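Nothing in this text is a laboratory measurement; each read-out follows from the coordinates by a stated rule. Quick caveat, the model's predicted, so the values are computed rather than measured. Positions of Cβ are backbone-derived with ideal geometry, glycine not excepted, and every protein chain shown enters the neighbour counts.
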Amino acid sequence: MCLEDQILSSYIDGELQEPWKTQVEEHISHCAECRERYEQFTRLNQAIHGSRLSEKEFSRNQQRVWNYLEKTCMPAQPKKFRHRRFNFSAPAASALAAALVVLLGANVFLMSNIDTAAPEGEQAIPTITAEAEDVPRFENGNDEVIGVSARAHQSSSIAPQELTVDELLFLLEQKGFEVELKRSDATEPVYSGSPASQEDSSGRAESREIDEEVPDTEEGDEPAPEDETEDGWSDWDDE
Amino acid sequence: MEVKSSGYESFQRVYKEVFPVIMRVAYHVTYNVDAAEDVCQEAFIRFYNRELTFASVDEAKYWLIRVAKNLSINYVKRKGREQAAFDRIKRQPLPAMKTGEEQVLGDETREVVQKAIQQLPEKLRTVLILKEYGDLNYREIGKILHITESNVKVRAHRARLQLLKLIDQEEIHVS
């Protein structure tokens, strides 16, 4: 045998420096015996690598250990570390952050619009109307109900004709609709019910949405795209 | 860049980069995923609690690999698994490795390789595992094990020679 096994081993490990590296390559190309020995080592290496624990096989362990460490070692951290995978590129991350900001802005704008426009909301919100003949009489017989009018959201599928007035009022109020019962000859409504919580709930909705949006936006910004792509965090589950 | 083992940001960074390495090393020493997970957890707890400062992430990595390697070897010794596995293998001849299956190894072949590696003396086995599963070069392995680079080179080579003897040589020869 012309080449020492030790030299071949170092060559396979990528640890052989020039000019020996080139010399080994040239020798292997024309010496069948050394080539056979080299291929034997190579096959062994393939077998060793083939039994390697893949990232897929331990990604759960990686996450579980992190969860444990985060809980036990660093309980007082100001911000939560997330086990999300951020696969988007740097431009995509900026675009996402920008989109979130725009959405948030639009949301706040729309919310304030609805609040101020509420008194004249009839123009924007469709009306459901049913004739009194189709509706059972209101319990208080003195007030003759001739129609039920509800300002409702477009998506509403309630058919007023199929319900008693009580059920209708209950359902509509449950869903947050404003309900108004009118006599045909009266200008003042016989019954005017708007869920007491409506304004509050819309207020809450707004603040809640803001609460949710802001961290989202921070999340989008926070994992600095360079970090996420450079440090290979996104490769957790890959392969 | 200095790395503080108890700093949240640097700990997080080291964890992301080093966990896969020490998980592989621990697994290929113990050949038990649960044990390897415990080893990793213990290694990182020590890393965090010691409040160490390293010159670079690589230095932190070497420290963690050393701790994980030692914990794994202790685990194997404690459980007496090394001896148990050795006895088992002695009773059963290793199945032959078929040519052409090297690229996608079946469970059987994987087991053959694992059992053969388990039979290596600790000194050779550690170098081979750090080289092949820890993706480290001779210099790094020498640093972790506190041995010279040429010593690493010799051990890596001897580990290969012994593996060739342990795994059915005739079958590996066939091309």
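Results, tabulated for the structure shown:
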read-out: Distance in nm between pseudo-label sites at B:D135 and B:T148 (7 Å out along the Cβ direction from Cα); value: 3.0
read-out: Mean shadow area of segment A:1-67, taken as a quarter of the surface of its Cα convex hull (nm²); value: 6.1
read-out: Computed E for B:E122/A:R35 - FRET, C-beta separation, R0 25 angstrom, nearest 0.05; value: 0.15
read-out: Violating pairs (Cα-Cα greater than 18 angstrom) within the set A:K21/B:K153; B:K77/B:K123; B:K4/B:K61; B:K61/B:K143; B:K79/B:K115; B:K16/B:K153; value: B:K16/B:K153
read-out: Around A:Q17: net Lys/Arg minus Asp/Glu count, Cβ-Cβ under 15 Å; value: -2
